[in-house]
1. Determine, yes or no, whether residue 92 is at pLDDT 95 or above and under 12 Å from the mean Cα position of the chain (by Cα).
2. Report the residue count in segment 22-44 for those that are in a helix (DSSP H, G or I) and free of Cβ contacts under 8 Å to residues at least 40 places away in the same chain.
3. Could you go through segment 62-80 and let me know if any residue there is over 26 Å from residue 121 (Cβ atoms) and in contact (Cβ under 8 Å) with a residue 12 or more places away in the chain.
4. For segment 53-80, how many residues meet the condition of being outside any loop (DSSP other than H, G, I, E, B), exposed (fewer than 14 other Cβ atoms within 10 Å of the Cβ) and modelled with pLDDT under 95?
5. From the residues in segment 113-135 that are under 19 Å from residue 66 (Cβ atoms) and touching a helix residue (DSSP H, G or I) at 6+ places or on another chain (Cβ under 7 Å), which one is modelled with the lowest pLDDT?
6. Can we say residue 105 is modelled with pLDDT of 95 or more, under 30 Å from residue 165 (Cβ atoms), within 17 Å of the chain's Cα centre (by Cα) and outside any loop (DSSP other than H, G, I, E, B)?
7. Can you tell me which of 50, 16 is surrounded by fewer than 17 Cβ atoms within 10 Å (Cβ to Cβ), at pLDDT 95 or above and either out of contact with any helix residue (DSSP H, G or I) (no Cβ under 6 Å at 6 or more places or on another chain) or assigned to a helix (DSSP H, G or I) (or both)?
8. Quick one: residue 9 ticks every box in (1) closer than 30 Å to residue 145 by Cβ; (2) loosely packed, with under 14 Cβ neighbours inside 10 Å bar one, so which box is it?
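The values are calculated or read from the model by the stated rules, or taken from the named source; none is laboratory data. Predicted model, so just to flag it, every value in this text is computed and none were measured. Don't worry about glycine lacking a Cβ; one is built from the backbone with ideal geometry, like all the others, and counts go over all protein chains shown.
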């Protein structure tokens, strides 16, 4: 007897399909075929494909944003380590999906804003820079992160560590020369 595929199983499979095949991987036929499941099994958990996509984005936000932020303990070093351990193929594919699908793109923009807000709070809590500069720094850091995912798709952990160290060094140099220091 086959074990029932849970809603979380579908969502995990959706992220895997997205990572491996991009947005086409989460088309209903592709998703069901890859899992050896019927569309009826899919519709047991989801009202329609749009509901699945909505739940998939929420699942990705939880696992790749909310859980990571919580596990970081609001410590930048810990956050960087956790982020490097993510499956960046999912991140890249979700961004591509957001370019193709307005609903996904809108939600992606909100998640990007949440991530930037979190980085801003980390920089501001250090007390070393003012809030406006913390926001600018967070936006620059996040833009570099997203760009690094695209440029170094196959070697992000190594390149990310190198880029992170360079970024930290630049910030430290900036703070040493900042007015009032």
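1. No, not satisfied.
2. First, the residues of segment 22-44 that are in a helix (DSSP H, G or I): 22-26, 28-35, 39-44.
If we keep only those that are free of Cβ contacts under 8 Å to residues at least 40 places away in the same chain too, we end up with 24, 28-35, 39-44.
Residues flagged as in a helix (DSSP H, G or I) and free of Cβ contacts under 8 Å to residues at least 40 places away in the same chain within segment 22-44 amount to 15.
3. Among the residues of segment 62-80, not one is over 26 Å from residue 121 (Cβ atoms) and in contact (Cβ under 8 Å) with a residue 12 or more places away in the chain, which makes the answer no.
4. 2
5. 122
6. Values: modelled with pLDDT of 95 or more: yes; under 30 Å from residue 165 (Cβ atoms): no; within 17 Å of the chain's Cα centre (by Cα): yes; outside any loop (DSSP other than H, G, I, E, B): yes.
No, not satisfied.
7. Sole residue among the options that is surrounded by fewer than 17 Cβ atoms within 10 Å (Cβ to Cβ), at pLDDT 95 or above and either out of contact with any helix residue (DSSP H, G or I) (no Cβ under 6 Å at 6 or more places or on another chain) or assigned to a helix (DSSP H, G or I) (or both): 50.
8. Of everything listed in (1) closer than 30 Å to residue 145 by Cβ; (2) loosely packed, with under 14 Cβ neighbours inside 10 Å, residue 9 misses just condition (2).
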